[in-house]
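Single-structure report; data block below.
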Amino acid sequence: MRQYLNWKAYMILVALVIVAASLIYTNQLARRLAQEETKNVEQLALGIRTIITSANDQEVDLASNVISQNRTIPLIITDEEGRIIDYKNLDTARIAKDSSFALRKLEEFKLLQPPIISDYGEGINYIYYGQSHLLTQLRYFPYVQLAIIFVFLGVVLIALSAAHKSIQNQVWVGLSKETAHQIGTPLTSIEGWLELLKEEHGE
């Protein structure tokens, strides 16, 4: 029984170590990806400024290429008074149906991180941005993995418990058989003696 409990404790400990290592590693990956996305948005802001202020066609083409490469990070550009000027990588069909969707997304982005401030010479714009779909999945992945590990651990513990009960039942059956055998031998002798006594006394 003590060995069985030790196995349960070891399994739980191993599961917790795996979960902790996964959480730490995934959080590190998510942090790195978030930093890369911030750099991408900063480059995009620089590209927008280049398109507005530069007269060099090559610089404008390069900036346009940088902007077009952002297909994953949702962002909203506002003016100094907070009015939405433009947006990118948002659900345009939903915005067409629900005019407040972009405003709700703007409030969501404001809570995630501070905006990138862009001064184009004719005023200041604010670029608010959210998380890419990949980054969102990466942040939720450890919790999905945690749930899977605990479900697996629960199934294994139930199986071990059932196996332990089966072994206990087999032990009890074996003990019962042995006890019946041990009791049966003297009972048979007693019955024989009783029969012998009956024959001798004529009863």
Looking at region 51-74, can you tell me whether even one residue there is at pLDDT 80 or above and farther than 30 Å from residue 149 by Cβ? yes
Take region 66-105 and flag every residue that is under 24 Å from residue 123 (Cα atoms), in a helix (DSSP H, G or I) and open to solvent by 40 Å² or more (accessible area, probe 1.4 Å). 66, 68, 103, 105
Pick from region 113-141 the residues that are open to solvent by 80 Å² or more (accessible area, probe 1.4 Å) and assigned to a helix (DSSP H, G or I): which of them is farthest from residue 41 (Cα to Cα)? 141
Restricting to region 66-108, what's the tally of residues that are out of contact with any strand residue (DSSP E or B) (no Cβ under 6 Å at 6 or more places or on another chain) and among the aromatic types (Phe, Trp, Tyr)? 1
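The values are calculated or read from the model by the stated rules, or taken from the named source; none is laboratory data. As the structure is a prediction and not an experimental result, all values here were calculated from the model. Glycine gets a Cβ as well: all are built from the backbone with ideal geometry, and neighbour counts include every protein chain shown. Note: areas computed on protein heavy atoms with side chains; ligands, DNA, RNA excluded. Shrake-Rupley method; radii C 1.70, N 1.55, O 1.52, S 1.80 Å.
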